[in-house]
Amino acid sequence: MNPNADQLWRGPRWALAALLAVLGMLGPFSIDTYLPAFSGMATSLGATPVEMQQTLSAYLFGFAFMNLFHGALADSFGRRPVVLWGIAMFTLASAGCALSQSVGQLVFFRAMQGLSTGAGIVVSRAVIRDMFPPAQAQQVMSQVTIYFGIAPALAPIVGGWLFVHLGWHSIFWFLTGVGIVLWLTNYRYLPETLEPEARQPFEVRHLMRGYWQLGSSPRFLLLALASGVPFNGMFLYVLAAPAFLGEHLGLQPTQFFWFFVLTISGIMSGAWLSGRLAGKIPPKKQIRHGFVIMLVTAVFNLLANLLFDAHVAWALFPIALFAFGWALMVPVVTLLVLDLYPQRRGMASSLQAFIGSSANGLVAGVIAPLVMHSTPALAAVSLGMLSIGLVAWIYLHHRWPEIGRAVQ
């Protein structure tokens, strides 16, 4: 924690949480906004559904790759420069998407968006731990998750309206405008929270030593799997939204927002409860509660889809409850990851995001196209994604029982 944290931010804590949440929401916002326009974009560009799905996977793989470096750069050069350069690159890439005349060009600029948006997510986590002790950091992380949920809920509404009234190009011009506003706001308000004497040398040997330290740590890898992979149990449905909502549930593009509103409400409720529990119960117990909720919900969702045809009257609610369980436990797991190696918080945040986003990219590019036309298959893969994280957490719990035991 920065010893001068009180002097770096004199405003209310919720305002800093909102600023950091806006950084974190840029990535999912740039995904959810254009989902309602998928079919129209495919027609306009002469693209197949599989080619359109690659605009998602290109973004996610670019996001995963650059996440390896955002944190290391932030540990060496400071938090502010990495954020500002990332937003600037995102803004230019969004303009490139708006000007694309073929699906190949769109895939390229979507990859450029992915390479840049991770800066906000990775660095914002490190800033929180720079500024606050553990219990307060969990509260702020929970507040960030709450604010983070608002934008993806609004994104498909905005995207659907822009697509219907102004065409799909307007969606990316809108994202260009968002990037400009974010850059100006962060240039004005984002504090530099990493002291010069705490910065790590930007040398290949030093960086490789850091990557090896974290990458060879079983505790780090298990925590990263426990936090990152279960997210795909919910994110799979976001990626498959055009098929799941349009084909299976019969919703129009302008009605997609119901899915996002319910899912994000689950995230916001879980994050709110996580913040309320900070410092009151052991982190390990809170994580267990989150996994139990996700497991029960995922099993119910699979059974329901095997026994009944999916219907909008019930099919959206298990996903929202799953999101609640994930948001209840993920702020705690993220802080455990960051506190394993305090001197390399940026790099730890990077590698955690890399593992999660690599799983996202695999699901988007390979798994989602294979299962999105079957609701039982979607439910089965969702349960499988959760099971990977659950097994990782159970093994960690038995191998290192002291992790997360004490109330902070």
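Just so it is clear, none of the values below were taken in a lab; they were calculated from the coordinates. Since this is a predicted model, take the numbers as computed values, not measurements. Cβ sites come from the backbone with ideal geometry, for glycine too, and all protein chains shown count toward neighbours.
For region 7-399, the relative contact order works out to 28 percent when only alpha carbon pairs closer than 8 Å and six or more residues apart are counted. Between the C-alpha center of region 376-408 and that of region 273-317 there is a gap of 13 Å. Which stretch or stretches of region 328-361 have amide N atoms under 11 Å from the point lying 7 Å from residue 273's Cα along the Cα→Cβ direction? Counting backbone N atoms under 11 Å from the label point, the list is 328-329. Note on residue 216 and residue 262: their simple-model spin labels are 4.8 nm apart, each label 7 Å out from Cα toward Cβ.
Residue 84 to residue 405: FRET efficiency via 1/(1 + (r/R0)^6), r the Cβ-Cβ distance, R0 45 Å, to the nearest 0.05? Working from the Cβ atoms, E equals 0.70.
Evaluated at 20 °C with a viscosity of 1.002 mPa s, what Stokes-Einstein diffusion coefficient in µm²/s does region 9-102 have when Rh comes from the Kirkwood expression over alpha-carbon pairs? Estimated diffusion coefficient is 138 µm²/s. Check every DSSP H run in the chain and write down those whose alpha carbon atoms cover 20 angstrom or more along the long axis and whose mean Kyte-Doolittle hydropathy is 0.0 or greater. Span-like helices, by this rule, are 13-32, 49-77, 79-98, 103-131, 134-166, 169-189, 257-277, 283-307, 317-340, 345-362, 375-399.
The trypsin sites (Lys or Arg not before Pro) of region 265-295 that DSSP puts in a loop, and whose beta carbon has at most 11 other beta carbons within 10 Å, are 280. Of 328, 67, 196, which is farthest towards the positive pole of the chain's charge dipole, taken about the Cα centre with +1 and -1 on the beta-carbons of Lys, Arg and Asp, Glu respectively? Towards the positive end, the residue furthest out is 196. Scaled against 2.2 N^0.38 Å for its residue count N, the alpha carbon radius of gyration of region 298-394 is 1.28.
Listed peptides 25-38, 213-226, 187-200, 80-93 appear in the order 25-38, 80-93, 213-226, 187-200 once ranked by packing, highest mean of other Cβ atoms within 10 Å at the front. Candidates 235, 222, 9 compared by Cα position along the dipole of region 7-399: farthest toward the positive end lies 9, with charges placed on Cβ. Inter-part distance, region 88-108 to region 220-254, computed on C-alpha centroids, equals 24 Å. Translational diffusion coefficient of region 310-353 (Stokes-Einstein, Kirkwood radius from Cα pairs, 4 °C, 1.567 mPa s): 104 µm²/s.
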